[in-house]
Amino acid sequence: MQSIVVDAHGKINLTLDVLRRREDGYHDIKSVMQSIGIADRLIINKQNEGIELETNIHITTERKNLAWRAAELFFETMDLKAGVKIKLIKNLPLSAGLAGGSGNAAAVLWALNKLYKTDLSLSELQEIGASLGADIPFCLQGGTLLAEGIGDQLTKLPDLPQYYIVLVKPNQSVSTQRIYQSLTNDMFGERYSSGLIQRLRANLDISAACGNVLQGVTSMMIAEIDLWQERMLHEGAKASIMSGSGPTVFGLFAEKTDAIQFCQKWKDRKRWIAWTTPVSTGLSQVKE
C-alpha cells in the first residue's frame, strides 16, 4: 500500500466542565465529546524521505501545522528513515473549537501506522498523539466519549440519539490559552457532565443537560456567541451551546428540515454555517 485517503471528523463538546487548574499549567476537564460528520480529507502518500504538506488554505509555516508535526513525531518515535506527502483538504474552519487540527494529526498518525505496517495499537497511537495535543486521542477514537484529565483519558459512552447538528462559526477567533487563563476559581467544578451521562445511559433526552462553562468567558469577548445560541433556540433547536473554547456555536435539532431551513436562512459570507449528524468514529478511511 502506497497511499491512504482518510476523513478526519470534527467534534463538538456536549458538555465541558473544568475541574481544576493543574500545577503544570494545564487544566483537568470533564467533557462529553461527540464526533460529527463534517470532516477534513487527507490524502497521504509514502515517499522515500522528507515531509511535504499541500493544502487548500493558506498556512504561514508548514512545520507548525499539526499534520506536519504528527508525521515528524511518528518517524522520530518509530526511528524510521522514511517520508510522506500529505494533501490536506480543509472543510472544517480554523480555530473553531471543533478539533480540526487535532483530527488532521490523528489522521496522519493512523495512516502512517497503516502505510508503514508498524502495528501500533490504538492506545499506543493515542499516547503519541497526546504529546502533541489533548484532543488528538479523542480524534483517533471518536464517537461519543467521556474525556477526563487534560482530555486524554477516554471512556466509551452510549451513542448519541439521532440529532441534526447546526454549526455556526463567527468570523472572530479566540485563543484557547487566553480563555483558560481567564477562568476564575468559582468556575471550577462539575456542573453538566454527570447529568448528561446519566441521561445518555438511561436513553433519555439529553438536550437540557448540555452546557459549557467556558461559554461565559468566550462570549464576553465575542458577543455574537450568545446571539447565535438565542437564534437557534428560537428557531427550534432542542439545545444550543458553544463547542470547546469557541467560538463555534452548535444547535441540536430533532428535525432535519428545521436544521436545513436555519442554515438557508442565515447562510452568507459573513460566517461559516453548516449542518451535519453525529458519527461513531473519529476517522473514516475513504475507499478510492
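The values are calculated or read from the model by the stated rules, or taken from the named source; none is laboratory data. Quick caveat, the model's predicted, so the values are computed rather than measured. Counting neighbours? That spans all protein chains shown, and the Cβs are built from the backbone with ideal geometry, glycine included.
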Which of the residues belonging to segment 21-80 are surrounded by fewer than 14 Cβ atoms within 10 Å (Cβ to Cβ), touching a Leu at 6+ places or on another chain (Cβ under 9 Å) and within 30 Å of VAL279 (Cα to Cα)?
GLU54, ASN56, ILE57
Pick out the one residue from GLY251, GLY246 that is assigned to a strand (DSSP E or B), under 21 Å from LEU94 (Cα atoms), in contact with a strand residue (DSSP E or B) (Cβ under 9 Å, 6 or more places away or on another chain) and not hydrophobic (A, V, I, L, M, F, W, C).
GLY251
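Condition check ((1) crowded, with 19+ Cβ neighbours inside 10 Å; (2) within 20 Å of SER173 (Cα to Cα); (3) in contact with a Gly (Cβ under 7 Å, 6 or more places away or on another chain)) across all residues:
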site: SER193; (1), (2), (3): yes, no, no
site: ARG199; (1), (2), (3): no, no, no
site: ALA202; (1), (2), (3): no, no, no
site: VAL217; (1), (2), (3): yes, yes, no
site: ILE225; (1), (2), (3): yes, yes, yes
site: MET232; (1), (2), (3): yes, no, yes
site: ALA237; (1), (2), (3): yes, no, yes
Which of the residues that make up segment 104-143 are assigned to a helix (DSSP H, G or I), β-branched (Val, Ile, Thr) and closer than 18 Å to ASP79 by Cβ?
VAL108, ILE128
Return yes when ASP258 is under 19 Å from LEU16 (Cα atoms), assigned by TED's automatic domain parsing to the domain that holds SER173 and among the acidic types (Asp, Glu) and no when it is not.
no
With the first residue restricted to segment 192-210 and required to be more than 13 Å from LYS238 (Cα to Cα) and free of Cβ contacts under 8 Å to residues at least 24 places away in the same chain, and the second required to be of a type outside the set (Lys, Arg) and outside any helix (DSSP H, G or I), Cβ contacts under 7 Å at 6 or more apart or on different chains are ARG199/ASP205; ARG199/ILE206
Of all residues making up segment 254-284, the number that are under 27 Å from VAL6 (Cβ atoms) and either part of a loop (DSSP other than H, G, I, E, B) or touching a Pro at 6+ places or on another chain (Cβ under 7 Å) (or both)
6
